Amino acid sequence: MYDFKEFYGIGEELSQTNDEAHIRSAINRDYYALFGESRKYLVEVRGKKYLTTRNGVHTKVCNALRFSKDPSEKYVGDILFNLKKVRGHADYDWNEKNIDYFKKSLFQTRNDVQNGLESLEYLNRKYANT
């Protein structure tokens, strides 16, 4: 089974090169690390099989977490929601944001993804046997 946390490591490697393409790509990989692990958790641990579809899955995963009654799931969902916006800028906007925005965003993104992944580890342990 694929470990999406590997994307976080690739994001770390990309973030070591101080140009816009690498920084944007690092933000993308960081987002996908948390998104992939969140989706896997929701499907495999929480039994939300409807998230195996591709249609609108980013919003569905985000909302499943953000609107959960579990505070730790809400926390991860809020991080994912914010990261989704930043990742959208990194992937699709060529003129709206500049490299300074992405450099500043990358620092926050790295921290948020690390915190989100740690929270998912906690949630996996919490719900693994239920």
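Structure notes:
- Projecting the Cα atoms of 47, 86, 36 onto the dipole axis of the stretch 35-107, where Lys and Arg carry +1 and Asp and Glu carry -1 at the beta carbon, places 47 farthest toward the positive end.
- Long-range amide H partners of residue 97 with built H, under 5 Å: none
- Max mean-square fluctuation residue, GNM over the chain, Cα-Cα springs under 10 Å, options 53, 109, 17: 53
- Note on the stretch 17-130: semi-axes of the ellipsoid equivalent to its C-alpha gyration tensor, largest first and rounded to whole Å, are 27, 14, 11.
- Taken one residue at a time, the phi angles of the stretch 57-73 give Karplus couplings (6.51, -1.76, 1.60, θ = phi - 60°) of 5, 4, 5, 5, 5, 4, 5, 4, 7, 4, 9, 6, 7, 7, x, 5, 5 Hz. Gly and Pro are set to x.
- Taking the inverse of the mean reciprocal distance over all distinct Cα pairs, the Kirkwood hydrodynamic radius of the stretch 18-60 comes to 11.6 Å.
- Packing-based order for 1-8, 23-30, 39-46, using average beta carbon neighbours within 10 Å, highest first: 23-30, 39-46, 1-8
- Just checking the listed ones, 35, 67, 102: in the Gaussian network model of the chain with Cα springs under 10 Å, the one fluctuating most is 67.
- Lysines whose Cα lies under 23 Å from that of residue 60, excluding same-chain neighbours fewer than 8 positions away: 5, 40, 48, 49, 69, 74, 84, 85, 126
- Of the residues 77, 113, 18, the one whose Cα sits farthest towards the positive end of the charge dipole of the chain is 77 (charges of +1 on Lys and Arg Cβ, -1 on Asp and Glu Cβ, taken about the Cα centre).
- A Cβ-based charge dipole, computed about the Cα centre of the stretch 3-112 with Lys and Arg at +1 and Asp and Glu at -1, lands at about 620 debye.
- Remark: relative contact order (the stretch 4-103) = 27 percent; criterion is Cα-Cα distance under 8 angstrom and separation of 6 or more residues.
Bear in mind these aren't lab numbers, they're just calculated from the coordinates by the rules spelled out. Predicted model only: the values in this text are computed from it and were never measured. As a convention, Cβ positions derive from the backbone with ideal geometry for all residues, glycine included, and neighbour counts pool all protein chains shown.
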